[in-house]
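Here the structure comes first, spelled out in structure tokens, and everything after it is commentary.
The values are calculated or read from the model by the stated rules, or taken from the named source; none is laboratory data. Since this is a predicted model, take the numbers as computed values, not measurements. Because the Cβ atoms are built from the backbone with ideal geometry, glycine has one as well, and the counts that use them run over all protein chains shown.
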Amino acid sequence: MRVLHEPTPEEVVESRGEYQYLRGGQPTGQVESWSISHTPDGQQIVRADVDGRTIPGGPSLLTHLQRSPQGSASWLRIRYEKPEFSAAAQYEFENAEVKIIRQAYEQLRRQDLLEIAANYVIDYHPVIAHDYVWRGYPATAEGQPWSIPVFSPDLWAPGDEVLSGRALRFTVTPLAAETCRVPAGVYHDALSFQVVMSDGVMAMAWYDDSGVPIRWYYPDKGYDFVLVKHERTAHQ
């Protein structure tokens, strides 16, 4: 697993795993390795490596998210790479705004400030990052569909706009818990959600009892992201 910042000796790994990316039931060649750890002062660190190097022209994404002891996102760093192209960015999260510092290959460094609704969550693209669904759904919604504000880096923007920030809204609906079977194992009473993106695309999502995504499936597109390895440590 490649990382942006190596773990420190003080970090304790909570869990680690791997997702396989499928389309139409067949491997795309992209895989995602991830780990979640914490520091002695209670900060949580989520690392992910989405590796597309085996695909001709395939993209890769390295991410490093830091959360405060209270569970809120503090900052995120990303490196996005394709053959003959790379871009990097850092995002610093405040109550209702995101400070963005980014630079694409052979472009000038840019700094932006994005205003966004308070209590937003973050979708930064690796599957392990998709815990924004249950983090953003309030208990007061009591099972009803709910629109949640989402910040997301734009991987598909052209030229020097790549990795700019987007303020989005996703509609999240919790469903009945059910058994979810993936290569990593059988998860009984998995948390289940329907998620409708800002562009109308729908996804189905399942989570284990610690909030780790087990499977993400896009019925209309045939994309399927499944957990193939999962290890929890005794420290969790």
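Residues in the range 194-227 that are surrounded by 18 or more Cβ atoms within 10 Å (Cβ to Cβ), assigned to a strand (DSSP E or B) and not acidic (D, E): V195, A203, A205, W206, Y207, P213, I214, R215, W216, F225, V226, L227. So, V162, is that one at pLDDT 95 or above, out of contact with any helix residue (DSSP H, G or I) (no Cβ under 7 Å at 6 or more places or on another chain), surrounded by 14 or more Cβ atoms within 10 Å (Cβ to Cβ) and farther than 18 Å from V196 by Cα or not? Answer is no for this residue. Close contacts from the range 119-135, counting a first residue that is more than 12 Å from H64 (Cα to Cα) and in a loop (DSSP other than H, G, I, E, B) and a second that is of a type in the set (S, T, N, Q) and at pLDDT below 95, with Cβ to Cβ under 9 Å and a gap of 6+ residues or different chains, come to N119/N95. Pairs linking a residue in the range 185-196 that is small (G, A, S) to a residue that is not in a strand (DSSP E or B), with Cβ atoms under 8 Å and 6 or more positions apart or on different chains, are A190/D208.
Where strands (runs of 3 or more DSSP E) fall entirely within the range 31-101, those with at least 3 residues that are over 15 Å from I128 (Cβ atoms) are at 73-82, 85-93.
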